[in-house]
Amino acid sequence: MSDIRINISNKTYVLAHDTEQFHHAIADLDFTVHPQQFVCLVGPSGCGKTTLLNMIAGLDPHFEGQINIGQATQSPTIGYVFQNPRLLPWLTVRQNIEIVFDDKPPTSLIDNLLDNMQLFDAQHQYPERLSLGMQRRVSISRAFAINPDILLMDEPFVSLDAPTARQVRRLLYSLWQKRPHTVLFVTHDLREAIALADRLIFLSPSPMRIVSDIEVPIAREQRTDEGCVEAFREQLLQNHPKISELL
Amino acid sequence: MPSIGLYRNKLLAALSITLLLAIWQGLALFLRSPTLPTPAIVAATFWQATMSGELPYHLGVTLLRLIISFSLAMLIGCAIGIILGNNKTLDAFFDNWLVIFLNIPALVTIILCYVWFGLVESAAILAVVVNKLPNVIVTIREGARALDKDLLEMAQSYRFSKRKTFLHVIWPQLHPFVMAATRSGLALIWKIILVVELLGRSNGMGYQLHIFFQLFDVASLLAYSFAFIAVIQLIEILVLKPLDRKTQRWRR
């Protein structure tokens, strides 16, 4: 797996077809993500973060610029955790994970994953009978199951209550440590971003561009310490006053 | 408790059928006319016609026509409906055609098919299919328009094959629309099929009803009708209901 190089000179879309009003979503966005790096994209809502993830996932090919991912010969596998879980309601929890495999799904790997995500007992239930927190965990399991080269996560913990969010974040983190992938994680929660990321990229309101690109120097084992995260946050906001405007 | 409710509903259904039969019996006795035979006479006629093999033969012929024309209409209708639901240009282009075909009286299509292709089996089937097709297309088109874009994006980002996307993402969403088209289709087709047979075939329920009309044989007419209604009910109970239960079990 090599770098992900993102170079988008322009992305607009039509707001209303009859009036031909355009929305200028992204202008001159240029950055490179290194393999197995955990990058948090932080920016105000509506600034185009989801659009960017969709472009990386290949769901939105209409833009000017280039996104180069990995080797030219082989397209990388991408796990996408959407903002809403997007599970197939007619499949059980387990089937929702199994379906992303082209061949026979690996039983023990899925068992393990379900166990790690504390979903083992719910594996034969249908998504509509589960809480939102559980549905999100299924959606994260689905993304992890294919052992992706790149994991795209679009505010996966939004609208979860704080204890559940903390629990799922811990699970995500321990899974990522066992099997590190390149992660692009969208959030507007700075504490969450600091607790998870190697690198923070702060994005402006649309047209989106990079405001700051900051490495997080905190050691991995210290991330669970909320005091440590808080101290870094305050220091960050002091040194970069522009950032607080984005939150 | 549900079992008591179920028992009560069955009792109510039995009572309502008994009441209907009682009214019929009362009217028949009061009028004393050969044009309204009593339920007992109709039952006896039904038994005779069944034992002689006449009723099963004509019923079978009609059912065969029903299955063939229904399958063709559903298959072609689903395909066209899905295409129109997903393609705005084609949809806008063919929308007028649909409105025209929806509004052609069934009798006109039947007569035209017989005039153009002769009094043959394929003309009969074609007439039924042409009558039913626009309804299926319109229903499935609505379903295809309402497909969940989020789930389609999910399938695309996880690189689902076309086949997998259709079977596991699109088809389950279309299923309620297909069932609606199936139910309304069966009801429509069996009514049209009788007219098709009456006008241009020498066997089947429609042909028989035509003969009973000429002979003023109301008992046979009713006996054949009940046999047909019973078969359609059986299809609902034995095929459609279980299919619904199986495919909808994920719903809360």
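Values quoted throughout were computed directly from the atomic coordinates according to the rules given, and no laboratory measurement underlies them. Predicted, not measured: the structure shown is a model, and the values here were computed from it. Cβ coordinates were reconstructed from backbone atoms using ideal geometry, including for glycine residues, and neighbour counts include every protein chain displayed.
A few remarks follow.
- Peptide ranges B:211-217, A:4-10 listed from the most packed, as the mean C-beta count within 10 angstrom indicates: A:4-10, B:211-217
- Scaled to the globular estimate 2.2 N^0.38 Å, the Cα spread of the range B:50-185, given as radius of gyration, is 1.29.
- The order of the peptides B:61-67, A:143-149 by mean Cβ neighbours within 10 Å, most packed first, is A:143-149, B:61-67.
- Chain A: DSSP helices with Cα axial extent of at least 15 Å and average Kyte-Doolittle hydropathy no lower than -1.0: A:132-145, A:162-178, A:226-239
- Each part reduced to its alpha carbon centroid, the range B:178-252 and the range A:143-203 end up 58 Å apart.
- Remark: C-alpha extents of chain A on the principal axes read 49, 46, 37 Å, sorted largest to smallest.
- The radius of gyration of the Cα set in the range B:174-252, together with its Dmax, comes out at 16.4, 55 angstrom.
- Percentage, to the nearest whole number, of Cα pairs in the range B:100-252 over 23 Å apart: 54 percent
- The coefficient of translational diffusion for the range A:156-211, derived via Stokes-Einstein from the alpha carbon Kirkwood radius under 25 °C and 0.890 mPa s, stands at 194 µm²/s.
- When both the range B:13-80 and the range A:89-127 are represented by their alpha-carbon centers, they are found 50 Å apart.
- For the range A:1-148, the alpha-carbon coordinates run over 49, 38, 27 Å along the three principal axes, in decreasing order.
- 0 to 90° range, to nearest 10: angle between helix B:2-31 axis and chain B longest Cα axis: 40 degrees
- Unit Cα scatterers, Debye sum, the protein assembly as shown: log10 I(q)/I(0) for q = 0.08, 0.13 Å⁻¹: -0.71, -1.23
- Only Lys, Arg (+1) and Asp, Glu (-1) charged, at Cβ; chain A dipole about Cα centre in debye: 420 debye
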